[in-house]
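In what follows, a structure is listed as structure tokens, so that the remarks can point back to it.
The values are calculated or read from the model by the stated rules, or taken from the named source; none is laboratory data. These numbers come from a predicted model, not from an experiment. Cβ placement follows ideal geometry from the backbone for every residue including glycine, while neighbour counts extend to all protein chains displayed. Remember, those area values only see protein heavy atoms, side chains included, never the ligands or the DNA or RNA. Shrake-Rupley method; radii C 1.70, N 1.55, O 1.52, S 1.80 Å.
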Amino acid sequence: MLRQLYIKNFTLIDELDIEWHEGFSVMTGETGAGKSIILGAIGLLLGQRADPKAIKQGTDKCVIEAHFDLSRYELKPFFDENDIEYDANDTIIRREISTSKSRAFINDTPVALSMLKELGEQLVDIHSQHQNLLLNKQDFQLNVVDILAKDSDLMKEYQENYSLLSIANRQLEELKESIERNRQQVDFLQFQCEELEQANLILGEQEELEQQSETMSHAEEIKSALYDADNQLSSDQQGAVDAIRQTLHSLNSISRVLPAARELTERLESCHIELKDIADEVSRLLERTDFDPSELEHINNRLDRLYDLEKKYHAENVEELIAQRDNLKQQLSAIENSDEAVGELEAKCEKLKAKSQQLADELSKQRQKAAKEIEKQMQQRLVPLGMPHVRFAVSIIKTELNKSGQDQVAFLFSANTSTPLQPVSQVASGGEIARVMLSLKAMISGAVKLPTIIFDEIDTGVSGKIAEKMAEMMREMGEANRQVISITHLPQIAALGSHHYRVSKEETVQGTTSHLHELTNEERIREIAQMVSGSDVTEAAIANAKQLLKL
């Protein structure tokens, strides 16, 4: 629960450092004194987005910091999961806002705003007047029933299964659409596949044919060059091979008398062997080289066919054509086997739907049971709040399966016996809605371990004994290891708080400044007397205040 709140340079607040207590506390003050500023500061600690305009004029940074005692609440897993140091007795949340940026910290660890909000939702619930509008929303009413039903584990299992069902249904729909599209163009797909099949595509064929075409296109030039080379190497009269052979003969004849000639002979012998081998290869190439116009035409026709296919199918090479051919085969095979694929996916959907239906039925049973308890508790809570003939019912209507189950929830209300039950948001007055929401919050707080609840003028539209009964309900909520703070304009509620804080504003040379401080007993008597009689505090008002405070 909230133990200490520090605010510096936030809107009209210069600096504020105040302690808070467990149980039921009240906050009072004139309209415009700064109660909304305090709530705004707490809201920032709970993850609301910051506005640099909230920084006090003349300063460049504001700081809001709160200390929480979490020793009675099971929040350690949050800190472990997010790798944040955990201090059950003193958890510190801080926001720092400057004109250029906003930073958030939990126990001095910088955190994202989303993480701050996740923790904040488990620490403080601020109930303002606009929250009464939640009674218009079915998801809020369903959430109340689920909280009282304590079905979070079952709901998690259902939502996981329903998510799988949604995915499978989407996959089935996409598969059917794909099959239908493919079936509409199956003849065209078949034609393309056959065309590529008949092309007898072979990897590397195009490169080999292009080389052959290039060679045959220069056949005469090649043959002439090879003829010259063969003549230069192998001619009987002036061939290089024969010239080296004669040179070897000459050197051999003197090798007995000139040792150097023997070494030259050995070296030249190697050259003669290599050159003769080259000459033989040139001769063979010359014999094989023959220009065949029909062969060249065949090669070029094949290349033209490949080029046409590549252009038609927007392919860079034969490899891409082969890939497209194989893809077409797969599409045709999928169409051929589509009924089997659809059947398998339909069976999966049916299985998931059956499981979802089973879990939804279990949810419905728990909700129906919780609804009866809600009706009983709301009757018990609303009657003392000045509605002796009140009727409150929870309507649960079956719907199609959705992410929340199969139940549509509506809270029905009637303030008297002659009026039929109708949706509470349509028939309840402002004061009645305030009492309904307080009763719901009291009921929910008994099921949820929420450390701090702040009621912002929930007493709108009520007064006198009804306000006193509402205060008693809030005090009871605060006695259950919980902290309840009520911002109020009613002396009947202010008098029942165990601790009383007053917001005030002061006009200074620097401008308007808001202050918050905890009242002493004497200050509290005067504050409540002023709430009773206005600015002119009479002895009768003081006596009335003491009576309300039971002094």
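Which of the following residues is within 21 Å of residue 25 (Cβ to Cβ) and touching a residue at least 40 places away in the same chain (Cβ under 8 Å): 529, 495, 480?
495
Could you list all residues from the range 296-321 that are within 16 Å of residue 198 (Cβ to Cβ), touching a helix residue (DSSP H, G or I) at 6+ places or on another chain (Cβ under 8 Å) and not in a loop (DSSP other than H, G, I, E, B)?
302, 306, 309, 310, 318, 321, listed by residue number.
State all residues of the range 148-185 that are in a loop (DSSP other than H, G, I, E, B) and surrounded by 15 or more Cβ atoms within 10 Å (Cβ to Cβ); if no residue qualifies, say none.
Listed by number, the list holds a single entry, 151.
Tell me the residue from 99, 59, 91 that is open to solvent by less than 60 Å² (accessible area, probe 1.4 Å) and over 14 Å from residue 7 (Cα atoms), please.
91
A quick yes/no check of all residues on (1) aromatic (Phe, Trp, Tyr); (2) more than 30 Å from residue 403 (Cβ to Cβ); (3) open to solvent by 50 Å² or more (accessible area, probe 1.4 Å):
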| position | (1), (2), (3) |
| --- | --- |
| 300 | no, yes, yes |
| 313 | yes, yes, no |
| 321 | no, yes, no |
| 363 | no, no, no |
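Could you list, in sequence order, the residues of the range 408-435 that are of a type in the set (S, T, N, Q), over 26 Å from residue 493 (Cβ atoms) and part of a loop (DSSP other than H, G, I, E, B)?
Answer for the range 408-435, where residues must be of a type in the set (S, T, N, Q), over 26 Å from residue 493 (Cβ atoms) and part of a loop (DSSP other than H, G, I, E, B): 417, 418, 419.
Considering only residues that are of a type in the set (D, E, K, R) and under 46 Å from the mean Cα position of the chain (by Cα), which ones fall in the range 186-201?
187
Within the range 431-443, is even one residue modelled with pLDDT under 90, more than 34 Å from the chain's Cα centre (by Cα), within 21 Å of residue 460 (Cβ to Cβ) and surrounded by fewer than 20 Cβ atoms within 10 Å (Cβ to Cβ)?
The answer is yes; a qualifying residue exists.
Could you check how many residues of the range 267-296 are farther than 17 Å from residue 223 by Cβ and surrounded by 12 or more Cβ atoms within 10 Å (Cβ to Cβ)?
Looking only at that region, the number is 8.
Which condition number in (1) assigned to a helix (DSSP H, G or I); (2) at pLDDT below 75 is the one that residue 237 fails?
(1)
Those residues that are among the hydrophobic types (A, V, I, L, M, F, W, C) and modelled with pLDDT of 90 or more, I need them from the range 172-200; list them, please.
172, 191, 193, 196, 199
Just one of 39, 45, 70, 5 is open to solvent by 10 Å² or more (accessible area, probe 1.4 Å), out of contact with any Cys (no Cβ under 8 Å at 6 or more places or on another chain) and either at pLDDT 90 or above or not polar (S, T, N, Q) (or both); which is it?
Selected residue: 39, the only one of 39, 45, 70, 5 that is open to solvent by 10 Å² or more (accessible area, probe 1.4 Å), out of contact with any Cys (no Cβ under 8 Å at 6 or more places or on another chain) and either at pLDDT 90 or above or not polar (S, T, N, Q) (or both).
Could you run through the range 331-352 and say how many residues are closer than 19 Å to residue 402 by Cα and either of a type in the set (Phe, Trp, Tyr) or free of Cβ contacts under 8 Å to residues at least 12 places away in the same chain (or both)?
2
Of the residues that sit in the range 50-67 and are charged (D, E, K, R) and over 28 Å from residue 482 (Cβ atoms), which one is modelled with the highest pLDDT?
Of everything passing the filter in the range 50-67, 61 is modelled with the highest pLDDT.
Only one residue in 338, 333 is out of contact with any helix residue (DSSP H, G or I) (no Cβ under 7 Å at 6 or more places or on another chain) and hydroxyl-bearing (Ser, Thr, Tyr). Which one?
The conditions single out 333.
Are there any helices (runs of 4 or more DSSP H) wholly within the range 446-551 with 2 or more residues that are open to solvent by 60 Å² or more (accessible area, probe 1.4 Å) and farther than 21 Å from residue 34 by Cβ, and if so which?
So the answer is 464-478, 521-533, 539-548.
Tell me yes or no: at least one residue of the range 260-271 is under 60 Å from the mean Cα position of the chain (by Cα) and either assigned to a helix (DSSP H, G or I) or closer than 18 Å to residue 234 by Cα (or both).
no
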